[in-house]
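A.B. asks: Could you have a look at this structure, given as structure tokens, before my questions?
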Amino acid sequence: MSVIKTIKSPVFGKLNMEIYGSAQEVAEHLETRQMTSSSFEDTFRSGRKSFIGATKEETFRMLREGYQPTVDALKGSVKVNCSHKRFKSFNDVVGFQPIISNAIMGLPNSMVNSSMAPIKTKVLDIYYDMTVSAWVDSDDLIKAGQKMLGVILEMEAKGYRFNLYVCQTYGDDKGCDMLCVKVKSANQPFDLKRMSFPVSHTAFFRGIGFDWYSKFPLGTYRSGYGTPMYYLKSQDEIKGEFKRLFGHGATYFSAQTIVKKKDEAEDYVKGVLTNDNK
């Protein structure tokens with residue numbers, strides 16, 4: 001079940017928001033809802049594959065099975081991060097293996113011992129707004145999502161845990177319609193295959209997201225399907241409002257920013273997560 005809220009936001013104006021517990025729930029609602037205005041268009045009409053990144057059939061297949069190129073791109077990181085060093089070996093008077101040279105010389109520390117470094121768990125809430133302008137190429141949006149997932153994967157190996165939400169904003173100077181989908185809970189293991197599509201594929205935004213927007217019961221049609229909040233308000237204003245809406249621990253990221261930063265994106269995400277949540 002989704003949750004629909006209407007909020008008077010000092011930053012977004014009249015904010016109509018729908019929150020889902022999973023990406024699959026969004027797809028199920030789309031099967032039963034109807035478009036709210038004749039101004040909306042069929043999201044998956046022919047000739048739009050390069051813009052959306054997939055056909056309708058491909059979109060819903062990836063929703064079920066995951067986006068394999070992202071899985072392939074990051075599965076190496078999974079192996080590396082799973083072997084993150086927590087064990088430290090050192091010379092000791094007791095241990096599991098003798099150090100022959102030390103024992104011959106009669107040194108007290110003639111055994112190899114080891115200890116396991118504890119991992120301090122810290123839970124963070126990430127809100128990833130994948131809304132970008134029409135000029136952003138599908139491949140660039142996919143790469144941005146992959147970078148976001150890669151950083152989360154790396155930081156989880158170091159003891160962090162994340163509640164991850166994917167958001168979309170359709171706004172103007174009067175208000176905003178927002179879709180917010182939870183794709184990972186902090187108490188769940190990192191399921192790369194399940195997360196790969198909603199976080200890192202354009203079709204979740206320009207395919208499923210556009211379809212949601214056209215059928216959202218409280219939604220308002222805006223010319224060009226509205227404007228990303230990235231262009232309407234400053235990043236500091238948006239970040240502050242997400243904390244007000246979702247709690248002080250909410251950390252906001254814009255895909256538009258990730259695309260713009262290119263090779264510096266990963267360091268940017270790590271810096272925000274570590275500095276904002278000390």
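A.B. asks: For region 10-17, in order, what is each residue's ³J(HN,Hα) by Karplus, 6.51 cos²θ - 1.76 cosθ + 1.60 with θ = phi - 60°, in whole Hz (x at glycine and Pro)?
C.D. replies: In residue order, the calculated couplings are x, 9, 8, x, 6, 9, 9, 10 Hz.
A.B. asks: Any idea how far apart ASP137 and GLU264 come out in nm if each label point goes 7 Å out from Cα toward Cβ?
C.D. replies: Spacing of the two 7 Å Cα→Cβ label points: 2.1 nm.
A.B. asks: Say R0 is 25 Å: what FRET efficiency, to the nearest 0.05, do ARG33 and ARG61 get from their beta-carbon distance?
C.D. replies: Rounded to the nearest 0.05, the efficiency is 0.75.
A.B. asks: Over 26 Å between Cα atoms, which of LYS215/LYS261; LYS122/LYS262; LYS8/LYS239; LYS14/LYS49; LYS14/LYS184; LYS14/LYS193 qualify?
C.D. replies: Beyond 26 Å between Cα atoms: LYS215/LYS261; LYS122/LYS262; LYS14/LYS49; LYS14/LYS184; LYS14/LYS193.
A.B. asks: Using only the alpha carbon atoms of region 171-276, find the Kirkwood hydrodynamic radius as the inverse mean reciprocal pair distance, in angstroms to one decimal.
C.D. replies: For region 171-276, the Kirkwood estimate is 15.8 Å.
A.B. asks: Compute and list, largest first, the equivalent-ellipsoid semi-axes of region 202-262 from the alpha carbon gyration tensor, each √(5λ) rounded to a whole angstrom.
C.D. replies: Three semi-axes, in Å: 22, 16, 12.
All of the numbers you see were taken from the coordinates with simple rules; none came from a lab. What you are looking at is a predicted structure, and each value in this text was computed from that prediction instead of being measured. Quick reminder, even Gly has a Cβ in these numbers, built from the backbone with ideal geometry, and neighbours come from all protein chains shown.
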